[in-house]
Amino acid sequence: MKIAMIGTGYVGLVSGVCFSDFGHEVVCVDKDPRKIERLEKGEVPIFEPGLDMLMAKNVEAGRLSFTMDLEMAVTGADAVFIAVGTPTRRGDGHADLTYVMAAAEEIARVAKDYVVIVTKSTVPVGTNRQVGEVVRKANPSLDFDVASNPEFLREGAAIDDFMKPDRVVVGVQSDRAAEVMAEIYRPLYLRDFPIVTTDLESAEMIKYAANAFLAAKITFINEIAALCEKVGADVKQVSKGMGMDNRIGNKFLHAGPGYGGSCFPKDTKALARIGQEHAVPMQITETVIKVNEEVKRRMIDKLRDLCGGSFNGRSVAVLGVTFKPNTDDMRDAPSLTIVPALVGGGAKVKVCDPQGRHEGEALLPGVSWVEDPYDAADKADLVVLLTEWNEFRALDLKRIAQNMATPRMADLRNVYAPVDAERAGFDAYESIGREGFGL
């Protein structure tokens, strides 16, 4: 099959590279000449483990290429995937479909033969039918179908998620489109990975419903964690006991400083907006959004208490600022709420993150960046573990405590045990949903 992938952001690039590894001929299109130039040189503009090697392999095999020439990419393609951004629209919380509709119109103007136009971007219910209308208006004679194929990629594990998915969701309107999509995903079908074929609206809704549910699980355990702190329970034990129930499962029950990233904040807001537009308020989702913001602010209160009631003049080391480990993505990361509060309160902040500096320098003004966590903690009054990178999971706590001005730790990912921090020489330690000491 020949596939054109419109957009070389996170979803588009990962999907294009993985489709080429299936054996398809894939052409990735982008309007940014610098991005295309980097890709043609073999440089990956995002951090995703293993993506650079998989991309190089398929470029060398002649199955994967990059271009700014949309017409060349679309000509002869069996399917054209739209994988452009759908950011939250300012003012109303809805997904901004400007790029999706522009891509659909441009595809229509250059396409000549039958093609399946597939929306890979996360879009509100009804968008794919709008795409069809845009295409028909731009090119009334074009023979085409529209399909919805939402992505379910976890940053940091995207290649495995694509190659070994829990499920692939495909929304179509015709048997012809279903056959094209089945052929594209044939390598997964042959290995018995489930392919869910449904109508357009159901495919669109599955994506939003799944992400909102996962965001709700995270937010629920964060609320339970706050209660655990008051009643003396340990949220890690509570999560373990809950997760053993097969009806609940143990995923997304890790207490922390709130969810962030490219999907959950944007998709929960969009789902809430869709509900409002159809007079069916998504009350649980709306509450999840509200509570998640409160969770982030509660973290600031924890840090202020560890600093004796004020950040002013304090030296704070922040370990990890990306929204999760194994990614350079800073979108809606808890650090974007917490770190500015530290800086604004008068703290001197040193930041250490294996991949966060590239985006973080512009997003977190007023901080110093260091490469080594021990350098960050040297002479600090407080060390904050904010993102659980593997590099921060086996730190020499005794070494850190000995070199701090006042050995205090906020472990906002529950990586360490309070007893370990105490033995290492910390005189105050706080985590999430567990009893600390020293305050």
In the range 3-21, the residues that are open to solvent by 10 Å² or more (accessible area, probe 1.4 Å), part of a helix (DSSP H, G or I) and under 20 Å from Ala104 (Cβ atoms): Val11
Take Phe311 and tell me if it is aromatic (Phe, Trp, Tyr) and closer than 24 Å to Val11 by Cβ. no
Based on this model, can you work out whether Tyr208 counts as among the hydroxyl-bearing types (Ser, Thr, Tyr) and buried (at least 17 other Cβ atoms within 10 Å of the Cβ)? yes
Taking the range 159-199, which residues are hydrophobic (A, V, I, L, M, F, W, C), more than 23 Å from the chain's Cα centre (by Cα) and assigned to a helix (DSSP H, G or I)? Ala177, Ala178, Val180, Met181, Ala182, Ile184, Leu188, Leu190
Which number in (1) surrounded by 16 or more Cβ atoms within 10 Å (Cβ to Cβ); (2) not in a helix (DSSP H, G or I) marks the one condition that Pro365 misses? (1)
Tell me, which residue of the range 22-62 that is touching a residue at least 60 places away in the same chain (Cβ under 8 Å) and in a helix (DSSP H, G or I) is most open to solvent (accessible area, probe 1.4 Å)? Leu54
Condition check for Arg90: charged (D, E, K, R) and assigned to a helix (DSSP H, G or I): no
Inspect all residues belonging to the range 143-153 and state whether any of them is of a type outside the set (Ser, Thr, Tyr) and free of Cβ contacts under 8 Å to residues at least 24 places away in the same chain. no
Just name the residue that is farthest from Gly275 (Cα to Cα) out of those in the range 104-131 that are open to solvent by less than 10 Å² (accessible area, probe 1.4 Å), touching a residue at least 40 places away in the same chain (Cβ under 8 Å) and not in a loop (DSSP other than H, G, I, E, B). Val115
Would you confirm whether any residue within the range 168-178 is modelled with pLDDT under 95 and either among the small types (Gly, Ala, Ser) or open to solvent by 30 Å² or more (accessible area, probe 1.4 Å) (or both)? no
Answer from Val321, Val291 - the residue that is touching a strand residue (DSSP E or B) at 6+ places or on another chain (Cβ under 9 Å) and modelled with pLDDT of 95 or more: Val321
Among the residues of the range 226-245, is any touching a Ser or Thr at 6+ places or on another chain (Cβ under 6 Å), in a helix (DSSP H, G or I) and either crowded, with 20+ Cβ neighbours inside 10 Å or on the phi > 0 side of the Ramachandran plot (or both)? no
Determine, yes or no, whether Lys269 is assigned to a helix (DSSP H, G or I), more than 16 Å from the chain's Cα centre (by Cα) and not β-branched (Val, Ile, Thr). no
Sort out which residues of the range 376-387 are open to solvent by 10 Å² or more (accessible area, probe 1.4 Å) and touching a Gly at 6+ places or on another chain (Cβ under 7 Å), and write them in order of number. none
Unmet criterion (only one of (1) more than 20 Å from Gly308 (Cβ to Cβ); (2) touching a Gly at 6+ places or on another chain (Cβ under 7 Å); (3) at pLDDT 95 or above; (4) open to solvent by 40 Å² or more (accessible area, probe 1.4 Å)) for Val343: (1)
Can you tell me which residue among Ser335, Ser368 is under 22 Å from Leu395 (Cα atoms) and touching a Leu at 6+ places or on another chain (Cβ under 9 Å)? Ser335
Output the residues belonging to the range 408-433 that are open to solvent by 20 Å² or more (accessible area, probe 1.4 Å) and in contact (Cβ under 8 Å) with a residue 40 or more places away in the chain. Arg408, Arg413, Glu430
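The values are calculated or read from the model by the stated rules, or taken from the named source; none is laboratory data. It should be emphasised that the depicted structure is a prediction, and the values quoted were computed from it without experimental measurement. For neighbour counting, all protein chains shown are included, and Cβ atoms are generated from backbone atoms with ideal geometry for every residue, glycine included. Accessible surface is based on the protein model in full, side chains and every heavy atom, while ligands, DNA and RNA are left aside. Shrake-Rupley method; radii C 1.70, N 1.55, O 1.52, S 1.80 Å.
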